1. Does LEU103 fit the bill of being within 17 Å of LEU21 (Cα to Cα), in contact with a helix residue (DSSP H, G or I) (Cβ under 6 Å, 6 or more places away or on another chain) and buried (at least 20 other Cβ atoms within 10 Å of the Cβ)?
2. Which count do you get for residues in the range 32-51 that are free of Cβ contacts under 8 Å to residues at least 60 places away in the same chain and either of a type in the set (Lys, Arg) or over 15 Å from ILE115 (Cβ atoms) (or both)?
3. When you look at LEU135, is it within 12 Å of the ligand (Cβ to nearest atom) and not in a helix (DSSP H, G or I), yes or no?
4. Just to be sure I understand the filter: pairs with C-beta atoms under 8 Å, separated by 6 or more residues or on different chains, first member in the range 238-253 and buried (at least 24 other Cβ atoms within 10 Å of the Cβ), second member in a helix (DSSP H, G or I) and of a type in the set (Asp, Glu). Which pairs pass?
5. Scanning the range 95-116 for residues that are aliphatic (A, V, I, L, M) and within 10 Å of LEU76 (Cα to Cα), which turns out farthest from the ligand (Cβ to nearest atom)?
6. Could you check the range 5-109 for strands (runs of 3 or more DSSP E) lying wholly inside it with 3 or more residues that are within 25 Å of THR164 (Cβ to Cβ)?
7. Can you name the residue in the range 76-94 that is in contact (Cβ under 8 Å) with a residue 60 or more places away in the chain and within 16 Å of the ligand (Cβ to nearest atom) and, of all such residues, is nearest to VAL234 (Cα to Cα)?
Amino acid sequence: MTTLAEFLPQHLQQHTLPAELGGVLESVVNACIQINRQVRLGALAGILGEAGTGNVQGEDQKKLDVIANNTLIQALQANPHVAGLASEEEDSFVACHENGGYLVLFDPLDGSSNIDVNISVGTIFSILTKPQGALDTASFLQPGRDQAASGYVLYGPQTQLVFTLKHGVFVFTLNENGEFIQTQANPQVPEQTREFAINMSNRRHWHAPMQQYIDQLLAGDTGCRGKNYNMRWVASMVAEIHRVLMRGGVFMYPQDKRDPAKPGKLRLMYEANPLSLILKQAGGAATNAETDMLDIQPEGLHQRVAVVMGSREEVEYVRRLHH
Ligand code: P6P
C-alpha cells in the first residue's frame, strides 16, 4: 500500500520533475483533506445552505463554496513556491510569493448545487509554471497543453484524489487515518462506449449538429450508430469525468443558442483544461466540439467553453459532425 507521501518523491525523481511542483501539489491536497472533513459533516458542521453571497460567475455561493475557497487560498498563500492563484470564485487572480515558480487555478467545490442533497462534489485544480516577468492575468492564460499538472478530489462514497504530472494518471483513496493511499495507476479511458452524459433538458437550445448526434444515440440500435446507449447526468462534472475515466463515456455541455456570445457554461481554466489533461493522459479525447481543448488559447480567466470529452471514438465522431 503506497501512500501519496511515498509515491510523490519517487515519481518526481523518476521523471526528473522539480520537488517544488510536488510541494505545490501537496498544498492543494492538504487543503482538500480539510475540505473533505467539512463536506463529510454537512449539517453537523452547520455548513450547508446558502452563504448569502454571489461570485463573479453570478452564482449564489453555498457556505461550503466559501469555506473550500478560503481553505485553498490560505493553503496556497502559505507555500513559497506559489507565485499566484486564481479561483473560479474570485474576480481576479491573487498574487502570492514574488519568487514562486508556479500558478494554481482551481474550482474549489464543483457541483456545489448538489451539496445540500448529499450528491458527490469535487475540487478541481490546475498547476501552471509561472512565466518570466511580472505576474499579471496574462501569466495565467496558458493553453491547457502547457499545464505542469492537474487533477481533482472527488468527495463521493470514497474521497479520491486523481492527478497527473503529465507522466500518467494516478488514483489515491483517502483512508480512515486521513492518508491518501494509491489504489490505481494509469487508468485508461476505453476507446468506445455506450454511455453518454448531457443535460437533455437543454436540447432545444443546442445547435443542429449536437441535436443530430444526441438523436442518433437515442435511436440506439435502430439508428446509424447501430448500438444502444445509456445516459447519465449527475450535474457534478468531477463525478461524471471520474466515471468516464474509470469506465468510459462521453461527457458534453454544448453551446447554447440563446447566448451566441457565451460559447458554453463550463469554465476553460478551472474545469475543462484540468480535466481534459487527465483524460488525454489516460488515452481519452477532449474538445470544444471543434478544436482540441488543450490547444485553445485562453483569452480570459473566467472564459467559458463548450465541452465534449471522454472516449475517443465518440469525441471524434462529434467533432466530424461539427465540421
Ligand atoms: P446543469 C456544476 O454547476 C457544473 O459546473 C458542473 O459540475 C456540472 O456538470 C454542470 O455545471 C451541471 O449543469 O445545467 O445540469 O445544472
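1. yes
2. So the count comes out to 2.
3. no
4. The qualifying pairs are GLY249/GLU240; VAL250/GLU314; PHE251/GLU240.
5. Per the stated criteria, the residue is LEU103.
6. Output list reads 82-87.
7. GLU88
The numbers here are math on the coordinates, done by the rules we state, and not lab data. This structure is a prediction, so every number in the text was calculated from the model and none was measured. FYI the Cβ positions are ideal-geometry reconstructions off the backbone, even for glycines, and counts take in every protein chain you see.
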